[in-house]
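Novice: Sending over a structure as structure tokens; questions will come in a sec.
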Amino acid sequence: MPLYEISERYFKFLKACENEEIAEESIHDTLEALGAEFEEKADSICCFIKNLNAEAGAINKEIDMLHERKKSKLKCSERLTEYLKSQMEFIGKTKIETELFPNSS
């Protein structure tokens, strides 16, 4: 039974108690049963929330790791680009044409 239905039953029972529609001797047992049912469902929901938060944390760690990998790849690309440019300048080349990169400069 969903938590909202348990809550609704609990609320209706309390209202019935206030209106003296429930026998006094059954109030304690019924409240205890409804409370236990509510707590069991709430406990399950808390476990699910904990799982979701753990998954979100793992996703954040993965995002951070991927972000660092991206930065590293871009930095390496920049270093290699600068290295190639400096070596081209050193030998006086302004353009390189290869089979893979026919119009590189």
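The values are calculated or read from the model by the stated rules, or taken from the named source; none is laboratory data. Just so it is clear, the model here is predicted, and its values are computed rather than measured. A quick note on method: Cβ atoms are made from the backbone with ideal geometry, for glycine too, and the neighbour counts reach across all protein chains shown.
Novice: List the pairs whose first member sits in region 42-71 and is touching a residue at least 24 places away in the same chain (Cβ under 8 Å), whose second member is surrounded by 10 or more Cβ atoms within 10 Å (Cβ to Cβ), and whose Cβ atoms are under 7 Å apart, counting only residues at least 6 apart or on separate chains?
Specialist: Filtered contacts from region 42-71: A42/L3; I45/L3.
Novice: Now a separate question. Condition test on S72, is it farther than 30 Å from Y4 by Cβ, at pLDDT 95 or above and exposed (fewer than 10 other Cβ atoms within 10 Å of the Cβ)? Walk me through how you get there before you give the answer.
Specialist: Values: farther than 30 Å from Y4 by Cβ: yes; at pLDDT 95 or above: yes; exposed (fewer than 10 other Cβ atoms within 10 Å of the Cβ): no.
Judged against the criteria, S72 is not a match.
Novice: Looking at E37, E99, E62, E21, which is the one that is in a helix (DSSP H, G or I) and loosely packed, with under 12 Cβ neighbours inside 10 Å?
Specialist: On the way: E37 fails: loosely packed, with under 12 Cβ neighbours inside 10 Å; E99 fails: in a helix (DSSP H, G or I); E21 fails: in a helix (DSSP H, G or I).
Just one listed residue meets the conditions, E62.
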